[in-house]
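Structure record follows, encoded as structure tokens.
Read-outs: derived from the displayed coordinates by stated rules, not from any lab. Fair warning: this is a prediction, and the values are worked out from it, not measured in the lab. Note: ideal-geometry Cβ built from the backbone for every residue, glycine included; neighbour counts use all protein chains shown.
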Amino acid sequence: MLYRELDIKNKDSLEYATAILYAHEDTDAIELHKRPVIIICPGGGYNHTSDRESEMIALQFMAMGYHAVVLRYSCSPALYPTALLELAQTVVQVRRHAVEWNIDNDKVMIMGFSAGAHLASCFCTFYEQPFISDAIGCDKKELHPDGQILCYPVITAGEYAHEDSFRKLLGDSYDDKKDELSLEKHVNASVPRTFVWHTYEDKTVPVQNSLLYVNALAAQGIPVEYHLFEKGRHGLSLGSRLTSGEGDREVEPSVEPWIELVHTWIGRL
């Protein structure tokens, strides 16, 4: 296995910001030589990046045959667009090293949980904006995502917002910029095909976040697969004991199939 820490910092990044690559090494004994890669953005309300939505997720996808990257992006007090530029730099590095790291350059997937899903979707919404490619010093084509996977996503800054995430992300610019980052309002034809899952019982990030986004995707004719599970609190991660906190609070067997559903969905690319 290849394990590498990637330097993805920009001028406003915090010291801990990094991306960690987990990649299968190529071997003549296995016919598969190029594999899809999933860039994982953990949740944490833009206050931290959750350990429960990081390495364990990467290892699950590796066991399914994928490469994975865990992005430990800068959170509060770092402000928008610091984390977005870190994600962009991660995508560029993955694409530029695709041959060396045995990556299928047509299957670069962006994945996020909760506020990390907001970051993932921000990137998949705005990646063609010149301010990103200018800051990174890259061609816009290098930023193109081939798909996004959003797990109980923070999307809207409106009625159903997880307000604290937006306040952590925007700081004193919250009132001026919150609508700019209310993503259901900015879906465009360049957003890639999308997989979304959420739970009806989520009281932290209401299910309306994903419903609003799925409706916006459908209005733009963007292919989307959406799964709404009835049971389960916010932040379930895998939904099993492997990623549960104290007291098995995040164990919900009914949502465990989501990762296999993602596997099937990626297979249709």
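Can you grab the distance from the C-alpha centre of segment 139-160 to the C-alpha centre of segment 104-120, Å, no decimals?
Taking the Cα centre of segment 104-120 as reference, the centre of segment 139-160 is 7 Å away.
With a ≥ b ≥ c taken as the square roots of the eigenvalues of the C-alpha gyration tensor of segment 162-269, please select rounded if a/c is under 1.5 and otherwise prolate if a/b is larger than b/c or oblate if it is not?
Verdict is oblate for segment 162-269.
Read phi for every residue in segment 76-87 and hand back ³J(HN,Hα) as whole Hz from Karplus 6.51 cos²θ - 1.76 cosθ + 1.60, θ = phi - 60°, with x for Gly and Pro.
Result, rounded to whole Hz: 3, x, 5, 10, 4, x, 3, 5, 4, 5, 5, 5.
In segment 172-189, which residues have a backbone nitrogen under 13 Å from the label point lying 7 Å from LYS140's Cα in the Cα-to-Cβ direction?
Counting backbone N atoms under 13 Å from the label point, the list is 189.
Mind listing the long-range amide H neighbours of GLY147? Cut-off is under 5 Å, sequence gap 5 or more, other chains count too, H placed in the peptide plane at 1.01 Å from N.
Here the answer is ILE110, since their amide H atoms fall under 5 Å of that of GLY147.
If we count other beta carbons within 10 Å of each Cβ, what is the order of GLU260, GLU252, fewest first?
By the 10 Å Cβ count, ascending, the order reads GLU260, GLU252.
Between THR204 and LEU2, what is the FRET efficiency for a Förster distance of 41 Å, r being their Cβ-Cβ separation, to the nearest 0.05?
0.70
Taking a ≥ b ≥ c as the square roots of the eigenvalues of the Cα gyration tensor of segment 19-141, is the shape rounded (a/c under 1.5), prolate (a/b larger than b/c) or oblate? Please report the intermediate quantities before stating the final value.
Details: a/c = 2.50, a/b = 1.36, b/c = 1.84.
Oblate, because a/c is 1.5 or more while a/b does not exceed b/c.
Beyond 16 Å, what percent of the Cα pairs of segment 104-225 remain?
Roughly 60 percent, once rounded to a whole number.
Can you give me the three principal axis dimensions of segment 1-85 from its C-alpha atoms, in Å, biggest first?
Dimensions of segment 1-85 along the principal axes of its Cα atoms: 48, 25, 16 Å.
Quick one: 3J(HN,Hα) in Hz for segment 38-51, Karplus 6.51/-1.76/1.60 with θ = phi - 60°, rounded, Gly and Pro as x.
Ordered by residue, 3J(HN,Hα) equals 10, 8, 9, 10, x, x, x, x, 6, 9, 6, 10, 6, 5 Hz.
Could you list TYR152, TYR66 so that the one with the fewest beta carbons within 10 Å of its beta carbon is first and the one with the most is last? Don't skip to the answer; put the middle values down first.
On the way: TYR152 28, TYR66 23.
Neighbour counts put them in this order, fewest first: TYR66, TYR152.
Counting only C-alpha contacts under 8 Å and six or more residues apart, can you give the relative contact order of the chain as a whole percent?
16
By its C-alpha gyration tensor, with a ≥ b ≥ c as the square roots of the eigenvalues, how is the chain shaped: rounded for a/c under 1.5, else prolate for a/b larger than b/c, else oblate?
Since a/c stays below 1.5, the shape of the chain is classed as rounded.
Multiply the residue gap between ASN47 and ASP28 by 0.36 nm, knock off their C-alpha separation, and tell me the result in nm, one decimal place.
Gain on extension, ASN47 to ASP28, equals 2.5 nm.
Just want the answer: with Cβ charges of +1 for Lys and Arg and -1 for Asp and Glu, which residue in ILE103, GLN93, SER76 is farthest toward the dipole's positive end in segment 61-129?
It is SER76.
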